[in-house]
Amino acid sequence: MTTASTEASPAMSDAPARGFSPEEFAGRTARAQRLMHQARLDALLVTAPPNFRYFSGFDSQFWESPTRPWFIVVPADGEPIAVIPDIAAPELARTWIRNIHTWPAPRPSDDGRSLLRDVFAGLPNRHGRIGAELGREMALRMPVIEFMALRDVVPGFTFVDGSPCLWQIRQVKTPAEIRHIRHICELASDAYRALPGLVSLGMTEREVARALRIDLARRGADSTPFLPVISGPGGVAQIVCGPGDRRLEPGDVMFIDTGSTYDGYFCDFDRVYAIGAISDAAKRAHETVWQATEAGIAATRPGATTDGLWAAMQAVLDAGGALGNNVGRSGHGLGMQLTEPPSNMQGDGTVLQPGMVMTIEPGMEYAPGKMIVHEENVVITEDGAELLTKRAPREMWRVD
């Protein structure tokens, strides 16, 4: 028996068109270049798949192979320049990128280094600074030793941290990006609501995850790379590892979080389920976290800060008797990656702007080793926060 019925899959016609127009990418590049001028950067060197895709529209399952590096150079003026392995040239030529340099990778002795050197040599040198993915929540997708060698063969330029510029441009989403995120949030919301019809006592966490993953794919999700399913009597001890082979028992609380994608954009939100009758203490904790989520949504508006957003949620949790929250923050940015800056926490200091997509994620430990967490996804508008997810019920969905 369940308290939520299954629903039909949404029609494929409801999905946003895949990909983005050349005008969308030209706008992204122009905004990045305005920030680059402010930061006194002559170029950005992009290597990581999300950043590569952000400026080019190119995606490939070949990202799973670490053998070949991929590069995009965003100059301070003009169109991006791609330096890529030969094997990718036919597909990249289908994107809006027109300036493409290739080499027969893999060639460990010089995997694109000479081509990059020549590209940088052809750029105007106004500030002598090239921004690279060296900072917060960034990573180079090239061997570090190759990056060090590249610095030595590019005269007249110093490589500096370009991550503030990259995050500033990616933090505020375009309307087209928001449509993608809204779509995957709605798909996952419907799958969560239908899940009690697929779950029964005695199933393992792993079996629940498999059922949900299949349903997400049936509804139109491209992938579900993040899907913890964790259960425990009255609550869970952690929210990042799992699923395991533990079987659902009466009195359990089951926590499920999903980072599913549509055309390169993530949702990231959780739901909690009561397995039969649960304790009054767990119910009270769930109500506290639900109310903290309400407070977080209400506090999310242009001009507010991530510190203030955290404080609004934490006040409700403290009043509800929270013993702590080992997550370390109460939400974060969301987009082409499961988690992006900023963080809803003390000391982050980010000022919220229209177009930012955020998770509202208060959680509390209400007894030793027992946590309950809520999470919703919102986009900041001129008037406040608009839900992208379908709001979790005030009382947990129940599985009997």
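What follows is calculated from the coordinates using simple rules that are stated; it is not laboratory data. Only a predicted model underlies this, so the values are computations on that prediction, with no experimental measurement involved. Virtual Cβ from ideal backbone geometry, glycine too; neighbours counted across all protein chains shown.
Summarising the overall dimensions of the chain from its C-alpha atoms, the Rg and Dmax are 22.9, 70 angstrom. For the chain, the longest principal axis of the C-alpha atoms and the axis of helix 175-194 are separated by about 30°.
May I ask for the equivalent-ellipsoid semi-axes of region 348-400, computed as the square root of five times each C-alpha gyration tensor eigenvalue and listed largest first in whole Å? Don't skip to the end; give the middle numbers.
Working: eigenvalues 148, 56, 9 Å².
Calculated on Cα positions only, the semi-axes equal 27, 17, 7 Å.
Distance between the C-alpha centres of region 273-332 and region 357-390: 7 Å, rounded to the whole angstrom. Only Cα pairs within less than 10 Å get springs; with that Gaussian network setup on the chain, which residue of ALA274, ALA105, ALA385 has the largest fluctuation? Among ALA274, ALA105, ALA385, the largest mean-square fluctuation in the Gaussian network model of the chain belongs to ALA105. Expressed per residue, the C-alpha convex hull volume of region 133-255 stands at 169 Å³.
At 222 nm, what value in deg cm²/dmol follows for the chain if DSSP H runs of at least 4 each add -39500 (n - 2.57) and the sum is divided by all its residues, to the nearest 500? Mind showing how you got there, number by number?
Details: 10 runs with 127 residues, N = 400.
About -10000 deg cm²/dmol.
At R0 = 25 Å, how high is the FRET efficiency between PHE62 and SER114 if r is their beta carbon distance? Nearest 0.05 is fine. That pair, PHE62 with SER114, gives E of 0.65.
Using only alpha carbons, build the gyration tensor for region 69-119 and give me the equivalent ellipsoid semi-axes, biggest first, whole Å. Each step should come with its number before you reach the end.
Values: eigenvalues 66, 42, 8 Å².
Over the Cα atoms of region 69-119, the semi-axes work out to 18, 14, 6 Å.
Net charge in the neighbourhood of VAL172 (other residues with Cβ under 11 Å of its Cβ; Lys, Arg +1, Asp, Glu -1) is +3. Computed from point charges on the beta carbon alone (+1 for Lys and Arg, -1 for Asp and Glu), the dipole magnitude for region 175-399 about its Cα centre is near 580 Debye.
Find the percent of Cα-Cα distances in region 296-393 that exceed 23 Å, and round it to a whole number.
Numbers: 972 of 4753 pairs.
So the portion of pairs separated by more than 23 Å is 20 percent.
Farthest towards the positive end of the charge dipole of region 22-170, among the residues ALA105, ALA43, PRO69, is the Cα of ALA43, using unit charges on the Cβ of Lys, Arg, Asp and Glu.
What length, rounded to one decimal in nm, is gained on full extension from LEU387 through to PHE226, with 0.36 nm per residue of separation minus their alpha-carbon distance? Working shown, then result.
Working: separation 161, 0.36 × 161 = 57.96 nm, distance 2.11 nm.
Length gained, LEU387 through PHE226: 55.8 nm.
Multiply the residue gap between ASP14 and HIS37 by 0.36 nm, knock off their C-alpha separation, and tell me the result in nm, one decimal place. Walk me through the intermediate numbers first.
Values: separation 23, 0.36 × 23 = 8.28 nm, distance 3.95 nm.
Extra length from ASP14 to HIS37 when fully extended: 4.3 nm.
For the chain, take the longest principal axis of its alpha carbons; what is the angle in degrees between that and the long axis of helix 22-39, to the nearest 10 within 0 to 90? With rounding to tens, the tilt is 80 degrees.
Compute the long axis of helix 205-219 from its Cα atoms, compare it with the longest principal axis of the Cα atoms of the chain, and write down the angle in degrees, 0 to 90, nearest 10. In the chain, helix 205-219 runs at an angle near 60 degrees to the longest axis. Taken over region 122-181, the ratio of Cα radius of gyration to 2.2 N^0.38 Å equals 1.42. Candidates LEU323, LEU338, LEU198 compared by Cα position along the dipole of the chain: farthest toward the positive end lies LEU338, with charges placed on Cβ.
Give, to the nearest whole percent, the P(r) tail of region 175-399 beyond 33 angstrom, counting all Cα pairs. The answer is 11 percent, as a whole percent. Rounded to the nearest 20 debye, the dipole magnitude of the chain is 500 debye, with +1 charges on Lys and Arg beta carbons, -1 on Asp and Glu beta carbons, and the Cα centre as origin.
I want the local charge near PHE147. Using Cβ-Cβ distances under 14 Å, sum +1 for each Lys or Arg and -1 for each Asp or Glu among the other residues.
Details: positive: ARG113, ARG117, ARG141, ARG151; negative: ASP110, ASP111, GLU133, GLU146, ASP152, ASP161.
Taking every Cβ under 14 Å from that of PHE147, the sum is -2.
Expected output is a single nm value to one decimal: the length gained when fully extending between ILE145 and ASP400, i.e. 0.36 nm times separation in residues minus the C-alpha distance. What is it? Walk me through the intermediate numbers first.
Details: separation 255, 0.36 × 255 = 91.80 nm, distance 5.62 nm.
Computed gain between ILE145 and ASP400 is 86.2 nm.
Computed on region 22-170, the Cα convex hull volume stands at 99 Å³ per residue. For region 267-400, the relative contact order comes to 35 percent (Cα pairs under 8 Å, sequence separation of at least 6). Contact order for the chain, expressed relative to its length and based on alpha carbon pairs under 8 Å spaced 6+ residues apart, stands at 15 percent. Summing charges over all other residues whose Cβ lies under 14 Å from the Cβ of ARG284, with Lys and Arg as +1 and Asp and Glu as -1, gives -1.
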